[in-house]
Each structure stands twice: as C-alpha cells, then as structure tokens.
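Right, one structure below, let's go through it.
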Amino acid sequence: MKSSPWWKEATIYQIYPRSFFDSNGDGEGDLPGITAHLDYVQQLGVDAIWLSPFYTSPNKDGGYDVANPRDVDPRFGNLEDAKRLIEQAHQRELRVIADIVPNHFSDQHEWFQAALSAGRGSKERARFHFYDGNTDGTPPNNWISLFGGPSWTQVEDGQYYLHLFDSSQPDLNWDNPEVNEDFEKTLRFWIDLGVDGFRIDVAHGLVKEDVLKNHSDPQGLSNALRLDVAMDPSKRNALLLTVPYFDRQGVHAIYRKWRTLFDSYAGRDIMAVAEAWVHPPENATRYVRPDELHQVFNFDLLTAEFESKALFEVIDRAITLNATVSALPTWALSNHDSPRVASRIGSEQARALALFVFGLPGSAYVFAGQELGLPDGELADSDRQDPSFFRTNGVIKGRDGARVPLPWSGETTPFGFTSAKPWLPISQSWKELTIESELQDPKSSLHLYRNALNLRKDLMTGSGEINWIQSPGHGDKGNSLLSYTRGTVTVIMNLSESAQECDIDGRLLAVSNGTVEGHNGKKVIPARSSAWFSA
Ligand code: NOJ
C-alpha cells in the first residue's frame, strides 16, 4: 500500500524535456512529445514526473537560465501545452514536479535588461549583485564560477555583476524583498496551473555572505577551476565547507516562508525537493526540518564506488540523518548533471544497485533513460553545448553525455526520437537499447525497472525501517554481499565478480542480472547482481 502523503515514498521520473520526444520535427524534445508518451511513463510504475526547466530561455545552460519563469519557451510549446501535459499526467495518477531556479535569472530576463540600462545605484541593479571593481580594476572578489573562470562579469559602465554559474546567469540578491515576492508569484502561478511540487535548483546558494571579501582558500582548492560533481569528493567537500556563498543560515528563512505558501493550498500536498550540495552531510537535514522543505537530494550515490563499505555507509547515513528530523531520504543514481550510472559503474552493477535501492525507504528518483540502461552518449567536442566545456576551454567535457535524447524505436539513429537531426547525436550502437527493442526482451533493463517499480509500490512503501542483515563481513570493505530486510522482503546484492551462495529461505521476487539457482539448500546470487526474496 502506498503511504500518504504521495511524495513520501514516491518514485519520481526525471524528464529532461529537450531529450525526451520531439513532436514537431525540430530535433528537440518538447512538451507535447512528453504528453504523447505518458502511457509509457505510467507503465514504468512511477508516481510522478519531474520536468527540468521548459521556461522561456536563451538556453545557455540547458534552460537553467530562465528569462521568464512564468511562460513556456517556444522550443517546448506554450502554456496550453503545459496545462494539457499536467492534466493528462493527473489522469494517469502521475504528479508533476516543476523545476524552479531561484539562484539566478538569465541575462535576458527583463529585470536584468532593466538593470543594465538603469545604471549604478539604481533599484533595478539592487535585485542582483552589482558592485564596483577594486581600484586596480580587478573584480570585487576572487570567487570562481562553478562552470570555471571568474564569477564576475563587467558591464559597460565598469560595474561588475556576480554569477556563480555562466556569465549569462546573473545571481539574484535575496536580501531584496522584491526577489522573494517575484518567486512566490512564480510558485503560485505553477501551483494554480496544476503542478504538485517543485525541485529547487541550487537551493543552498541563494544567500551570500561577505560578497566583497576574497574567499580564503589556503589549500588552493579553487585552482581546480570549478566546484562540481566530477571533482574528487574530498576536495569538493573541503571547498563546500569554506565557500561563503553556499549553505548560509539565511536560506532557511526563505524555505520556511515557502512552506507556509505550500501548506496554504489545503488538500493539495504540494511538495518541494532541494538540490543542496552541502557538507558535512548533517547540514542537508536542515533543509527538511518539519517547517521547511519535504525532501533534499542525497547525491552520495552519484559518486559512491560500487563497493560494500562505501554503499553501506552512504545508505545507512542517509537513513539515520533524515530520521533525526523525521524525514525520509531520497535516492538518485543518475541525473542530468552527472555521468550516467551505467557508464560510471558498469551496466550490470547499475542494474544491481537500482534494484537494491528500490527497496529502501524514501523516494527514488529515476533519470529518463536510466531504465533503459543507457550509457553516456559519445560526443565530439563540436557537439558539446554545456557552458562548463566552453568556460574551461574544453578541459572539462561537461554534462552533455548524460543528456543525449532517448532512443525510442527502429533500427537506425535517431531511433524515432525526431524526424530531424537530433540536437545531440544518438549513437547507432544504441540499437538494442531502444524502448521498442527492450520491450520485446524480457531480460532487458526496462523490464527489470517495470517489475521492480511495481513490486516496490506493492511491497516496499509504507513499512518504514530496514534492518541490515549482519552476516559475516557486513559493511566491510570489499565484502561480497550487502543485504537488508524490509517487512517480509529480503534484499541482497552480490557486489563481487563471482556467484555467491547465501542462506536465504524465501521465494524469488526479482533478480537484476542472470538467474538465482538453489544449491545445497542455499541460494546462489549471480555476480554483480541483486535479488529480492519474500519470506
Ligand atoms: C543545477 C542544475 O541541475 C544544473 O543543470 C545547472 O547548470 C545549475 N544548477 C545552475 O542552474
């Protein structure tokens, strides 16, 4: 049985609209393309879709550079299309989560254009972070952009504006009450149109401190050019601990206000999930205190090794820390900012980890294409569009590989995604990974996801805790097996390169790779595979 409210233990399918399905033959996915394929999404067994931004945008950062947050970009359709998509999703009992981007606007937003012409000292500039440079003409401080290079750009009259991301994404000044007023208007706009929740982009970044001071970086960590998911985690954590623009106390007052707004829609169960890269992990739980947001992304599985100790620690910590604020964790193996899990840890390992994670309490996020086992796309530098590629002169390849459009059907690329040239090339080697081809193969990743997600709905949600099985070597580095029980189900993962025998008495419900054999009264779990058993 599904627990209430809907978001508590949901499976949420992340759609990157540009890469899902192109309905009008321009090479890019769009909202009608999503609406036309909601049956596919429903049959996967998910509870909700999260749509990455589809708002008016010059698209310098995949739509996370928003020029009008209350309208749809023509490349994706129009507001009527958005409304239809939401209605059609609701008819299939799918909730809809919109992505809201409060840290910055696009430089094409009317506020920024007005700030440029209004000049220094104006109320228009006070909505952003505009400052004069130092007397020697250098920017106000030494902060680096997360996409590489300085986080300041100079305008014609000599002032600089702050942008933690691309220069086309000026950061908003959240000390200015007009900013929150405008965002509350945007939240209401989409709730009134029917959305059920929000994913909050850079939720940890809205409040900046010491904007006129240099970031003291004795270890020279920011010479790494950037602060992102591809960094060595220990360096990233060290930076996260010291940068004065992330995870400031002031952000929590904003989310308390937003929570009141969400709760004012009685009976709607509006939820919000924070994208908050913070360190130490305890700090993440502050975003999900009972009067703040509902969920916070746990990004640890995006970088954890496929190894027993690392996975045990990451999973156990997420459950334990969330429990301190009566929240449930979230689980994500892939998203539009990270290498796809099949490329990062291997395709069998990715299936095993997905099945293992789908049994856990909390919400599971699935990035469209993950259910097919898609790897990262192979791209030439000339295909790339990610601003981090350009801002680091190609040193960082960027995130386009995870954003290659979905292969739907047929024998040749672009596999039914579009009748035109797709905005990123789809490799011919994905022929066996199309939705059509996987639907015909009972051993496919798509079948595994469908089975597992439907079983998860029936058996796993609502029954609360898990108990780790303390078999010899449990949670030790390099141990072959990791296992837990939840209610009457036992979930076991064999992380090793060889089949492993284990003492489990029960009926096989699902296995991620290969088949489970019985031997001497024991079960044999194939290499790099997970299985679920019922008592
Ligand atoms: C996080 C988003 O997921 C990413 O795609 C984007 O580039 C940055 N925030 C900036 O908005």
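Quick look at the values:
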read-out	value
Neighbourhood charge, 14 Å Cβ-Cβ cut-off, centred on E432 and excluding it, Lys, Arg +1 and Asp, Glu -1	-2
Solvent-accessible surface ranking, highest first, for D61, D175 at 1.4 angstrom	D175, D61
Principal-axis tilt of helix 347-357 within the chain, Cα atoms, nearest 10 degrees	90
Contour minus Cα-Cα distance for T324 and D132 (0.36 nm per residue)	64.7 nm
Protein-only accessible surface order, largest first, of H215, H447 at 1.4 Å	H447, H215
Greater than 21 Å apart at Cα, pairs in K123/K213; K457/K522; K83/K185	K123/K213; K457/K522
Positive-end extreme of charge dipole, the chain - chosen from V72, F367, S106 (charges on Cβ)	F367
Environment charge at V314 (Cβ cut-off 11 Å; Lys +1, Arg +1, Asp -1, Glu -1)	-3
By average C-beta atoms within 10 angstrom, highest first, the peptides 500-513, 394-407	394-407, 500-513
Under Karplus coefficients 6.51, -1.76 and 1.60, residue-wise ³J(HN,Hα) of segment 161-177 in Hz, glycine/proline x	10, 8, 8, 5, 10, 6, 5, 7, 10, x, 6, 7, 9, 6, 7, 8, x
By accessible area with a 1.4 Å probe, ligands and nucleic acids excluded, highest first: order of E438, E432, E87	E432, E87, E438
Charge sum, other residues only, whose C-beta stays under 14 Å from F358's C-beta, Lys/Arg counted +1 and Asp/Glu -1	+1
Extension gain, W468 back to Q113 (0.36 nm per residue minus Cα-Cα distance, nm)	122.2 nm
Magnitude of the charge dipole, the chain, Cβ model with Lys/Arg +1 and Asp/Glu -1, debye to 20	900
Net lengthening on full extension, S409/D26 (0.36 nm per residue, minus Cα-Cα)	136.1 nm
Helix axis angle, 233-242 relative to the chain longest principal axis, alpha carbon, degrees	40
Spacing of the two label points (7 Å from each Cα toward its C-beta) at A230 and R317, in nm	2.4
Solvent-accessible surface (1.4 angstrom probe) belonging to K477, in square angstrom, nearest 10	140
0 to 90° range, to nearest 10: angle between helix 79-91 axis and the chain longest Cα axis	20
Efficiency of FRET from Cβ geometry, Q91 and S122, R₀ 60 Å, rounded to 0.05	0.80
Inter-label distance, nm, simple model (7 Å from Cα along the C-beta direction), R70/S429	4.8
Carbon plus sulfur fraction of accessible area for the chain, probe 1.4 Å, in percent	48
Using a Förster distance of 56 Å, the FRET efficiency for S534-S264 (Cβ separation, nearest 0.05)	0.85
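The values are calculated or read from the model by the stated rules, or taken from the named source; none is laboratory data. Treat the numbers as computed from the prediction; the structure is a model and nothing was measured. Because the Cβ atoms are built from the backbone with ideal geometry, glycine has one as well, and the counts that use them run over all protein chains shown. Side chains are part of the model used for accessible areas, which takes the heavy atoms of the whole protein and leaves out ligands, DNA and RNA. Shrake-Rupley method; radii C 1.70, N 1.55, O 1.52, S 1.80 Å.
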